[in-house]
Structure formats: C-alpha cells, structure tokens
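Scroll down for the structure; my scribbles are underneath it.
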Amino acid sequence: MKKFDFRLDKILDYRQGCRKISQEELVRRNNELFEIEQYIEALAKEQQRVATSQEQYQLNIADLFLSSMYQEKLQKELVLQKELGKKVEAQVDLARENYIEKSKEVRVLELLKDKKFDEHKIDLKRSERKRLDEIAHRQPRGV
C-alpha cells in the first residue's frame, strides 16, 4: 500500500514553529503586563499607606516635607508605570493578533492535510476494490 505523503508538510512544520514562537511572545508580553500591573498596585498601596501615616501621626515639618516628597515620587512613578502599562498592553494586542494570524495559517494547512488524507484513504479503498475485482474476474466461474 502507498504511504500517505503530504507535500506541504515542511511548510506546515515551519508555520507551526512560527505559531509556537508567536505564542511564546504573547505569553512573555502577558507576563510583562502582569508584572507592571502588580507593580502599579504595590505603588498605589504604598501611596495609600504614606497618606494614612501622614494623617495618623503628628509629623514635624521636616518629616512632613520628606513624606510629601516621597508621595510626589510615588505619584510620578505611578504615572510612568501606567503609561508603560498602556504601551505593553498595545504590544500584547499586537502579539495576540500575530498569534491568531499564525494559528489561522496553521489551521488552513491542517485542514488541507486532513482533506488530502481523506482523499488518500478513498483512493486506497478504490484501488483495493479494483484489485479485488480484477482477482475475481480472473478466477474461473465454475469452481
């Protein structure tokens, strides 16, 4: 019997490799975004802690000034991280779109391979039936 041979197997393998790379990129970008979001939450909590400590304790002028400077620094860092988060979010979206596109390319080839395999099975059955018919016609009828 003839072995199934899909002519586009190398292209399929290549596209699967590209899809895997784009998937890894998407995971990396998602992790990066997650870390930024965690850092933003930590900054917000620290900012809240500093604000409550200013209200709870009677601070002298020097400590109040240092606390205000620290809070300004936290606020600037928070703004910077939010901007960075937006940029990374856009990169996540691009990576997701790239992964979806690569997945579609792979899926098309997989469907084509399945279709060609089904055609191959039909051809095998047809040739087997033809071979059996030929054998049946060669044998004498009276036996």
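The values are calculated or read from the model by the stated rules, or taken from the named source; none is laboratory data. Every value quoted in this text rests on a predicted model; they were computed, and no experiment measured them. For neighbour counting, all protein chains shown are included, and Cβ atoms are generated from backbone atoms with ideal geometry for every residue, glycine included.
Taken as a whole, the condition of being assigned to a helix (DSSP H, G or I) and not hydroxyl-bearing (Ser, Thr, Tyr) does not apply to Gln58.
Scanning the range 16-37 for residues that are among the basic types (Lys, Arg) and closer than 15 Å to Asp93 by Cβ yields a count of 2. Somewhere in the range 98-113, is a residue among the hydroxyl-bearing types (Ser, Thr, Tyr), assigned to a helix (DSSP H, G or I) and under 30 Å from Asp13 (Cα atoms)? Scanning the range 98-113, I find at least one residue that is among the hydroxyl-bearing types (Ser, Thr, Tyr), assigned to a helix (DSSP H, G or I) and under 30 Å from Asp13 (Cα atoms), so the answer is yes. Inclusion of Ser67 among residues that are at pLDDT below 95, part of a helix (DSSP H, G or I) and surrounded by 12 or more Cβ atoms within 10 Å (Cβ to Cβ) is warranted.
Quick grid of which residues meet (1) surrounded by fewer than 10 Cβ atoms within 10 Å (Cβ to Cβ); (2) in contact (Cβ under 8 Å) with a residue 24 or more places away in the chain:
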site: Leu112; (1), (2): no, yes
site: Lys115; (1), (2): no, no
site: Glu134; (1), (2): yes, no
site: Arg138; (1), (2): yes, no
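Among the residues of the range 92-136, those identified as within 18 Å of Arg7 (Cβ to Cβ), under 34 Å from the mean Cα position of the chain (by Cα) and acidic (Asp, Glu) are Glu105, Glu110, Asp114, Asp118, Glu119. Against the condition under 30 Å from Asp5 (Cα atoms), among the aliphatic types (A, V, I, L, M) and surrounded by fewer than 16 Cβ atoms within 10 Å (Cβ to Cβ), how does Leu84 come out, does it pass? Spelling it out, it is not the case that Leu84 is under 30 Å from Asp5 (Cα atoms), among the aliphatic types (A, V, I, L, M) and surrounded by fewer than 16 Cβ atoms within 10 Å (Cβ to Cβ).
Only one of the listed residues (Gln23, Gln38, Gln56) is over 24 Å from the mean Cα position of the chain (by Cα) and on the phi < 0 side of the Ramachandran plot. That residue is Gln56. Of the set (1) closer than 30 Å to Glu128 by Cβ; (2) out of contact with any Leu (no Cβ under 8 Å at 6 or more places or on another chain); (3) of a type outside the set (Ser, Thr, Tyr); (4) exposed (fewer than 12 other Cβ atoms within 10 Å of the Cβ), all apply to Phe4 but (4).
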